[in-house]
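Accompanying notes for the structure given below.
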Amino acid sequence: MASRNTTNDRRARIEQMRRAEQSRERRNRILTVGISAVVVAGLVGFGVFVLNKESEEKEQRVAEAKAPVKDEKSWDAKKLGRNHVETAVTYEMKPPVGGDHNQVWMNCNGDVYKEPIPDVNAVHSLEHGAVWVTYTDKAAKADVDKLAEKVKKTPYTLMSPYKDQQGAIMLSAWGKQVTVDSADDKRVSQFFTKYVQGPQTPEPGAACTGGLSGK
């Protein structure tokens, strides 16, 4: 009788352990499913956030490209000479935004020059669709540094000091030019969006590497 009770007790304990194990497995499954659902929801939410942000940024770029740049100066691109010359060229604006130029362009693949560069080579870069950022010693160092970082990250741009220009910071493209107040001026981003390989480019897709390095 005692042996039978012991066997029954053992079976009862085994059954109890089995049920406890099943209960743990159910809890673990529920927990796993719950965590997975949270992770998936998080990923979906993040994906939606990223897509929305990309969509907003794209819409902003489109809007910037369509809107006129405040206080921008323009020249008739068709009237700007495009001949290759070996001699010096006198340009009507400083920095120049087009005209006859040297057959060798300045490298403009996000190149930042610490010294002035030849106009005749920089103009050739503009012909290829580059935006040229120039500044005088009146520009704040913080602005110069920030603009340099932007240029370094942007193909078809170049930057250099320019002693004789009217504004402390100026941006030039083929037939286009604007003076901005600082690196944070909204027109900087807008000018880049509109004119880096923009519709004003006489030779879209032409190289911005393999030219004159000036270094």
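The values are calculated or read from the model by the stated rules, or taken from the named source; none is laboratory data. Since we're looking at a predicted model, the values are computed, not measured. No Cβ is skipped: glycine too gets one built from the backbone with ideal geometry, and neighbour counts run over all protein chains shown. Keep in mind that these areas ignore ligands, DNA and RNA; they rest on the heavy atoms of the full protein, side chains included. Shrake-Rupley method; radii C 1.70, N 1.55, O 1.52, S 1.80 Å.
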TODO: Would you check which residues across segment 95-112 are open to solvent by less than 50 Å² (accessible area, probe 1.4 Å) and not in a loop (DSSP other than H, G, I, E, B) and list them?
DONE: 101, 106, 110, 111, 112
Task: Lone qualifier among 160, 172 - being without any contact (Cβ under 8 Å) to a residue 60 or more places away in the chain, within 20 Å of the chain's Cα centre (by Cα) and outside any loop (DSSP other than H, G, I, E, B) - done: 160
Open item on the list: Scan segment 190-197 and tell me whether some residue there is under 23 Å from residue 83 (Cβ atoms) and among the aliphatic types (A, V, I, L, M).
Closed with: no
Task: Test: residue 145 is open to solvent by 10 Å² or more (accessible area, probe 1.4 Å), among the acidic types (Asp, Glu) and not in a loop (DSSP other than H, G, I, E, B) - done: yes
- [ ] Could you pull out the residue among 136, 90 that is hydroxyl-bearing (Ser, Thr, Tyr) and open to solvent by less than 20 Å² (accessible area, probe 1.4 Å)?
- [x] 136
TODO: Go through (1) part of a helix (DSSP H, G or I); (2) in contact with a strand residue (DSSP E or B) (Cβ under 8 Å, 6 or more places away or on another chain) one by one and return the number of the condition residue 193 breaks.
DONE: (2)
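To keep it simple, each residue is scored yes or no on (1) at pLDDT below 75; (2) closer than 29 Å to residue 136 by Cβ; (3) not in a loop (DSSP other than H, G, I, E, B).
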residue: 4; (1), (2), (3): yes, no, yes
residue: 7; (1), (2), (3): yes, no, yes
residue: 29; (1), (2), (3): no, no, yes
residue: 34; (1), (2), (3): no, no, yes
residue: 48; (1), (2), (3): yes, no, yes
residue: 54; (1), (2), (3): yes, no, yes
residue: 70; (1), (2), (3): no, yes, no
residue: 93; (1), (2), (3): no, yes, no
residue: 114; (1), (2), (3): no, yes, no
TODO: Name every residue in segment 174-186 that is open to solvent by 20 Å² or more (accessible area, probe 1.4 Å) and farther than 22 Å from residue 80 by Cβ, in order of residue number.
DONE: 181, 182, 184, 185, 186
Open item on the list: If I filter segment 142-156 for residues that are in the same structural domain as residue 81 (by the TED database), over 18 Å from the mean Cα position of the chain (by Cα), of a type outside the set (Asp, Glu) and over 15 Å from residue 108 (Cβ atoms), do I get at least one hit?
Closed with: yes
Open item on the list: For a quick check of your reading of the model, give me the residue pairs whose first member lies in segment 67-89 and is over 16 Å from residue 122 (Cβ atoms), whose second is modelled with pLDDT of 95 or more and among the polar types (S, T, N, Q), with beta-carbon atoms closer than 6 Å and at least 6 apart or on different chains.
Closed with: 69/190; 73/177; 77/200
